[in-house]
Amino acid sequence: METCNTTEAIRPVEGIFNLIHEIGTPVNGIISASRFLKDAIDSNDFASIPSIMSIIKAAEENLLDIFLRAKMCILENTDEYLFVQKDFNPGSVVQKVLKSLEALMLTKSITCNTSLSADFPTTTKGDPTYLTQIMNNLISNAINYSPKGSKLSVAGFTMENAKLYCIALTDEGPGIPKEKQITIFDKYKRNTIEEMNLGNMGLGLHTVKQLINLMGGCIKLDSTIRKGSRFTITLPIKNA
């Protein structure tokens, strides 16, 4: 199932609410990493401390980005300021998000393989905060619903003679039934009791779709029950 660019926009108030919802991901990352830090100190495993601190730093930067964007929404109260065009490296955004979520993966012994094609863009014009939110939602969902000891993969590649870049996230989770895939991006949609138990508000994938629309892209879902899911986002490469 694929959903592509539409004229749907995020209203200012809704944008702020979505950003508040996003705070949970980096906060959980900081909490989990802090526990690992305490364990390392208690066990005199001082060699692990720099790596753990780098996880906390990445999550803190993620949290600060969300706070600053929420502040911008409140001060300006207009759609015009919700989307910020700037030059950025999409591969670096992906790596930063993975680093900020590393502690959450460690708590479930989940590993992640990352690969970027040789022609994957190192610079494009767009909104790095929005791409961060998109990847935060997709990867944190994959972590939440994947079994312990499973594997994730993140692949970056280009299409249409390098006019588009794609980021594909594959997990080994329970999969999504076909009848649920139609509504998976709907607002406040929670498809299972497990989602409710995890505190899922049903905003994550709806926000992902909205942000991808604003960036002029598409998202595609391929999922098989008891095998896992693959979310692929496609975005335009814009000259810096």
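What follows is calculated from the coordinates using simple rules that are stated; it is not laboratory data. Please read these numbers as outputs of a predicted model, since none were measured by experiment. Cβ coordinates were reconstructed from backbone atoms using ideal geometry, including for glycine residues, and neighbour counts include every protein chain displayed.
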Label points 7 Å out from Cα along the Cβ direction at residue 108 and residue 71: separation in nm? 3.3 nm
So, counting K/R as plus one and D/E as minus one, what does the shell of residues with Cβ under 14 Å around residue 29 add up to? 0
For every other residue with a beta carbon closer than 12 angstrom to the beta carbon of residue 65, add +1 if it is Lys or Arg and -1 if Asp or Glu, then tell me the sum. -1
Beyond a 30 Å Cα-Cα separation, which of these cross-linked pairs lie in this structure: 86/227; 151/209; 38/99? 86/227
Would you mind ranking 102, 76 by Cβ crowding within 10 Å, fewest neighbours first? 76, 102
Would you mind checking which residues have amide H under 5 Å from residue 83's amide H? H placed 1.01 Å from N; only 5 or more apart, or other chain. none
Amide H of residue 112 versus every other amide H placed in the peptide plane: which residues, excluding those fewer than 5 positions away on the same chain, fall under 5 Å? 152
